Each structure stands twice: as structure tokens, then as C-alpha cells.
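Reading through the C-alpha cells given below for one structure.
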Amino acid sequence: MYWQQELETMPVEALRALQLSRLQTSVRRAITSPYYQQLYQQRGITADDLNTLDDVKRLPFTTKQDLRNGYPYGFLTVPKTEVVRLHSSSGTTGQATVIFHTAADIRDWANLMARCMYMTGARNSDVFQNMSGYGMFTGGLGFHYGAELLGMLTVPAGSGNSKRQIHYMKDFQTSVIHIIPSYALHMISVFEEEKVNPRDLHLRIAFLGAEPHTEHTRKRVEDAFGVKAFNSYGLSEMYGPGVAFECPEQNGLHIWEDSYFVEVINPDTLEPVADGEIGELVLTTLTREAMPLIRYRTRDLTSISSEPCPCGRTHRRIARIKGRSDDMLIIKGVNVFPMQVEAVLMSIPEVGTNYQIELETVENIDVMTVNVEVRDDFFLGDVKGLTALQQKITNALKSEVLFTPKVKLVEPDSIPEAQGKAVRVIDRRVAH
Ligand code: AMP
Ligand code: ZN
């Protein structure tokens with residue numbers, strides 16, 4: 001029933017003691033990176049200041065902007081010869097962040113992933129089809145290594161190629177899948193088109209993660225595929241998936257407190273919120289070698305519960321993610337900040353001053369349309385010129401956000417000026 005019984009069911013007091021000693025080690029290690037060394041020196045902080053878990057409050061938060069400022073090597077604590085992999089979050093111009101891993105980090109991460117999947121009932125007799133994107137996106141290799149460690153026959157299908165996915169499922173008798181929720185909903189219609197009933201296949205477990213989704217979507221996926229679906233939460237800054245995962249109780253996600261020190265704060269006052277209250281999740285890595293992060297502000301909004309779980313695991317549970325405390329959008333599983341779009345548009349001379357991002361759901365897939373005001377002199381030009389401009393903007397945006405948006409060129413002053421803050425994003429997507 002447990003992948004690591006002792007750790008997963010550790011009495012809470014012992015778990016807190018383990019956290020404290022790991023926290024001290026992690027901070028001691030972090031201080032050897034250029035970023036934390038400078039920061040802690042300025043503030044007169046040393047690892048000796050941490051005598052209780054509560055002392056963590058003396059340490060400053062780390063933000064995504066800090067990671068950007070330290071790009072690429074500012075947070076590294078080991079010689080480059082010890083680094084075996086990196087993952088980078090989406091975004092190419094000035095928005096990129098990078099996370100490095102030692103061989104031990106990769107093993108640690110794989111172990112956490114195996115723990116999550118084993119918890120849901122996946123076993124080495126299963127065939128696991130990983131239908132998430134690979135590459136820099138951590139849902140690919142993260143799940144892949146964990147599944148292999150668990151001993152499942154692992155099919156690195158990647159995302160897309162829906163018809164081929166169905167073939168794999170049939171030919172290899174896939175029983176466990178990992179898929180982002182919007183793609184899972186899309187697959188339901190592909191199954192219909194192909195006249196294949198997924199319930200007739202061998203599927204029994206699905207892991208849904210990487211983007212916000214509702215209980216309703218879980219039910220739809222469970223009913224259509226004939227599986228139990230489990231919520232998978234993580235972020236690249238903390239390895240990736242494997243931070244928190246649902247157990248068979250499907251009532252909150254156990255957050256692995258032997259690997260992460262967890263806080264939930266009010267994003268405005270930065271003070272901790274009470275159990276059950278919604279706040280921003282703040283995480284500190286407790287085991288990572290190459291790049292420890294201290295009090296990282298995830299910007300994800302959730303609440304935490306210390307209620308004992310009938311499954312016997314003592315690690316606390318977070319609720320399904322409720323939203324974000326910043327303006328980051330998750331489009332087709334890809335993180336997009338409106339500022340990224342703006343930066344691309346404003347670097348193109350023909351573009352005017354106003355633009356608007358519209359998001360819709362078409363056949364369960366996110367569609368982003370960018371309405372762009374074109375400067376007067378260009379708008380009066382010929383159609384050929386406008387088509388070329390539209391293509392140029394599309395390509396520029398694509399290389400930034402890594403998927404193809406729709407670009408609509410509009411006349412100057414045709415996008416209504418907002419009273420006060422510009423309304424840059426209109427999100428008409430149906431909540432999954
Ligand atoms: P990335 O680092 O690109 O994998 O993106 C991580 C972000 O994706 C998180 O900070 C969340 O905002 C979002 N995310 C990941 N998993 C989930 C989930 N299960 N539910 C809601 N949002 C999620
Ligand atoms: Zn549980």
C-alpha cells in the first residue's frame with residue numbers, strides 16, 4: 001500500500017523533527033549559492049538562526065523574479081560537473097527561469113513520483129502511457145523516471161497525435177495514463193470520432209495535472225475513460241510534478257513534507273493563514289542539492305488541512321488549486337504572462353499601442369486570440385502587407401509562448417480604452 005511506509009506514515013512530531021534538520025541543511029547549502037550568499041550576508045542571516053521551524057519566518061521569500069535575476073547560475077550550489085539535467089519554464093525573452101539537478105536530485109524526484117503513483121494503486125504490472133509533453137516541460141521526464149522506477153512498462157507517447165495514442169492504448173494494453181485535463185477532455189471527442197469506447201480498453205488510472213481543473217472535469221474524465229482520476233500538483237521550481245498528489249481518498253492532495261517545508265500565507269500581508277483558509281502556497285526544498293530554494297512563493301492559491309487522512313499518511317493535504325495570486329495564465333498547460341505577449345508586440349514597429357488577449361474554449365481546447373491594433377500608416381497599406389504582418393506577429397508570439405496563437409489585426413483605437421487599468425485579458429474559457 002505504501003512505497004515508503006516509514007516516511008509516508010511518520011508520526012507528525014518525528015516528521016517535524018526531520019523537517020527541521022533538513023531545513024537547516026538546506027539553508028546551509030543554499031548559502032553557498034551566489035544569490036543566497038549575498039542576500040543573507042546583507043541581512044546578517046546565518047544557518048545558525050534556525051533553531052525551530054518557526055524561525056523560518058526570519059528568512060526572506062524567494063520569487064520568480066529573483067530566479068530570473070539569478071538566471072542562469074545564481075542559485076547553483078554545486079560545481080557544474082555535478083549537474084546532470086536542467087529544466088526551464090516556458091518563456092524565452094527575459095522571462096525564463098532554469099532549475100538544475102544533480103544525479104541525486106533526479107533520483108529523489110523519481111522516487112517522489114513513484115511514491116505518488118504507487119499511492120494511487122499503480123503497480124509494476126501496469127502499462128503507463130505518458131501523454132504529456134516532454135522536453136523542458138517537467139511532466140514528461142518527471143513522470144517518466146518515476147514510472148520506470150516503479151517498474152511500469154512506460155510508453156513515452158508525449159502529447160498530441162491523438163489517433164496514435166489510441167493505437168498505443170490498444171496495442172500495449174495501457175492501464176495508467178498521465179494527461180493534462182484539457183487534453184483529456186479533447187480526447188473524449190477523438191474517441192467518439194474513432195468510434196472507440198475507452199471503457200472497452202484496459203485503462204484504470206489517470207493522473208490529471210499541470211493546470212487548474214474542477215471536480216466536475218475529474219468526474220467527466222472518470223466516466224468517459226472508465227478510470228479513477230487523481231489530481232497531480234507540482235511546479236518546475238520544485239522539481240515539477242510530485243509535490244502533492246491525491247491518495248485513494250480523493251479528498252485533498254498529500255503534500256510531501258519530508259521533501260518540502262510548507263507554508264500558506266496571505267499574499268497581501270505575507271502572514272500565515274489558519275488551517276482551511278485560502279492563501280498562497282510557499283515552499284522550501286528540503287532535499288534538493290543543486291538548487292535549494294528557500295520560501296519560494298508559488299503564487300498558487302489553496303488551503304491546507306491537518307486532519308488525519310484515513311489512508312494513514314501523515315503528510316498534510318492541500319485543497320485543489322483555486323487560482324493564482326498573480327496574472328499568470330495557463331493556456332494549454334503552458335504558463336503565459338500577459339507581459340510576455342506585450343513584450344513581443346511592442347518590439348514590432350508596426351504595432352500600435354493597444355492590444356487585447358481573448359481566451360476561449362473550442363472543442364475543449366484553449367484558444368488564444370490576440371487582437372492587435374496596427375499603426376495608422378500601416379493599416380492603410382495593402383492587404384498583402386497586412387497578411388505578412390499578421391504572419392510575422394504570429395511567428396514572434398509562437399516563439400515566445402511555444403504554441404500558435406490566433407492574431408487579429410484591428411484598426412487603431414478600435415479596442416475600447418479602459419477606465420483605469422487596461423483590461424488586457426478577456427478569459428471566456430469554460431472552467432474545466
Ligand atoms: P510548470 O512549472 O510549468 O509545470 O507550471 C506550474 C504551475 O502549473 C503551478 O504553479 C500551478 O499554477 C499549475 N499547476 C500544476 N499542477 C496543477 C494542478 N494539479 N492544479 C492546478 N494548477 C496546477
Ligand atoms: Zn490520504
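Structure summary
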| item | result |
| --- | --- |
| Scan of the stretch 367-404 for residues that are within 25 Å of the chain's Cα centre (by Cα), more than 16 Å from S347 (Cβ to Cβ) and either aromatic (F, W, Y) or surrounded by 14 or more Cβ atoms within 10 Å (Cβ to Cβ) (or both), ordered by number | V367, M368, T369, L402, F403 |
| Residue in the stretch 64-83 that is on the phi > 0 side of the Ramachandran plot and touching a strand residue (DSSP E or B) at 6+ places or on another chain (Cβ under 8 Å) present | no |
| Qualifying residue in the stretch 206-216 (condition: assigned to a helix (DSSP H, G or I), assigned by TED's automatic domain parsing to the domain that holds V56 and either more than 10 Å from ligand 1 (Cβ to nearest atom) or touching a Cys at 6+ places or on another chain (Cβ under 6 Å) (or both)) | yes |
| Candidate set from the stretch 111-138 (those that are at pLDDT below 95 and among the small types (G, A, S)); member that is surrounded by the fewest Cβ atoms within 10 Å (Cβ to Cβ) | G135 |
| Helices (runs of 4 or more DSSP H) wholly inside the stretch 332-431 that include at least 1 residues being among the polar types (S, T, N, Q) | 338-346, 383-401 |
| Among (1) part of a strand (DSSP E or B); (2) more than 24 Å from R22 (Cβ to Cβ); (3) among the hydrophobic types (A, V, I, L, M, F, W, C) - the single one V221 does not satisfy | (1) |
| Candidates R313, R297, R288, filtered to the one that is within 16 Å of the chain's Cα centre (by Cα), buried (at least 21 other Cβ atoms within 10 Å of the Cβ) and more than 10 Å from ligand 1 (Cβ to nearest atom) | R297 |
| Output for the stretch 26-59, where each listed residue is assigned to a helix (DSSP H, G or I), more than 26 Å from the chain's Cα centre (by Cα) and surrounded by 14 or more Cβ atoms within 10 Å (Cβ to Cβ) | R28, Q37, L39, Y40, A47, D49, L53, D55 |
| Test: residue in the stretch 121-128 that is β-branched (V, I, T) and touching a residue at least 40 places away in the same chain (Cβ under 8 Å) | yes |
| Unique residue being out of contact with any Cys (no Cβ under 9 Å at 6 or more places or on another chain), β-branched (V, I, T) and within 21 Å of V334 (Cα to Cα) when the list is T138, T174, T154 | T138 |
| Residue under evaluation Q173, criteria (1) within 25 Å of the chain's Cα centre (by Cα); (2) at positive phi, criterion not met | (1) |
| Within the stretch 78-95, considering residues that are open to solvent by 30 Å² or more (accessible area, probe 1.4 Å), modelled with pLDDT of 95 or more and not in a strand (DSSP E or B), the one nearest to R288 (Cα to Cα) | E82 |
| Complete set of residues in the stretch 229-258 that are more than 10 Å from ligand 1 (Cβ to nearest atom) and farther than 18 Å from L59 by Cβ | A229, G242, C247, P248, E249, Q250, N251, G252, H254, I255, W256, D258 |
| Filter result for A147 (within 26 Å of Y168 (Cβ to Cβ), away from ligand 1 (no atom under 16 Å from the Cβ) and in contact with a helix residue (DSSP H, G or I) (Cβ under 6 Å, 6 or more places away or on another chain)) | no |
| Criterion (away from ligand 2 (no atom under 16 Å from the Cβ), touching a strand residue (DSSP E or B) at 6+ places or on another chain (Cβ under 6 Å) and without any contact (Cβ under 8 Å) to a residue 60 or more places away in the chain) met by exactly one of I294, I278, I357, I348 | I278 |
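The values are calculated or read from the model by the stated rules, or taken from the named source; none is laboratory data. Please read all numbers here as calculations on a predicted model, not as lab measurements. Methodologically, a virtual Cβ is constructed for each residue, glycine included, from the backbone with ideal geometry; neighbour enumeration extends over all protein chains shown. Heavy atoms of the whole protein, side chains included, go into the accessibility calculation; ligands, DNA and RNA do not. Shrake-Rupley method; radii C 1.70, N 1.55, O 1.52, S 1.80 Å.
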